Amino acid sequence: MTTTIRQERAAELLYQELSILIGSELDDPALELLAVTNVVVSRDLRVAKIYIHQDSDIQRNVVLAKLKRAAPFLRRQLAQNVSFRAVPELLFYYDDSPDQAARVDALLQSIAEEREARLQDAEYAFSPPSSTLPSPDLYSVDAQKEDA
């Protein structure tokens, strides 16, 4: 589905305004560490899907229910701050992509550490100990030839 410039501008404006409103206007402690990650606006600009992420231990369902109850207040505030003909209906969804990204990063880090450990073990297994190699004494060989 392609988006129009109008949709992109509306989504960006809603993203900025909702980030400010949710961060400063809502007094609920459960919504303190909430971040808006993305906003997708329908083609007719009547519905906005707001994707949020929270770094706390509060259950997703609780956060989404509180946001659903705060939606009329947020729409009123948006109507005052934004010059839309009609403020879109706000639908909130939990965005778990930051959690997935952190999990992928952790897996890649563990793979890199494991690979590094294997390389160090392989280098240690194939390198001969330095004390068993005879050190050539070139000067003593030349001195023995001169003496003979």
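Only the coordinates and a few stated rules stand behind these numbers; no lab work does. Computed from a predicted structure; not experimentally measured. Neighbour counts run over all protein chains shown; Cβ positions are idealised from the backbone, glycine included.
How long is the gain from Ser42 to Phe84 if the chain were fully straight, where each residue apart is worth 0.36 nm and the alpha carbon distance is subtracted?
13.7 nm
Nearest 5 percent is fine: what portion of the DSSP beta bridges confined to the stretch 5-100 is antiparallel? Display every interim value, and only then the final one.
Details: 7 of 13 bridges.
Beta bridges within the stretch 5-100, antiparallel portion: roughly 55 percent.
Could you work out the Rg to Rh ratio of the stretch 5-100, with Rh taken as the Kirkwood radius (inverse of the mean 1/r over all Cα pairs)?
Reported Rg/Rh, Kirkwood definition of Rh: 0.95.
What percentages, rounded to whole numbers, describe P(r) for the stretch 54-100 computed over all alpha carbon pairs with 10 Å bin width beginning at zero?
24, 41, 28, 7
Return the long-range amide H neighbours of Val47 (sequence gap of 5 or more, or a different chain), with a cut-off of under 5 Å between placed amide H atoms.
Those qualifying (amide H under 5 Å, at least 5 residues apart or on another chain) are Ser42, Glu89.
I need the calculated FRET efficiency for the pair Leu119 and Asp57, taking r as the beta carbon distance and R₀ as 35 Å, to the nearest 0.05.
According to the calculation, E is roughly 0.35.
Fully extended, how many nm does the chain gain between Asp96 and Ala35 (0.36 nm per residue separation, minus their Cα-Cα distance)?
20.8 nm
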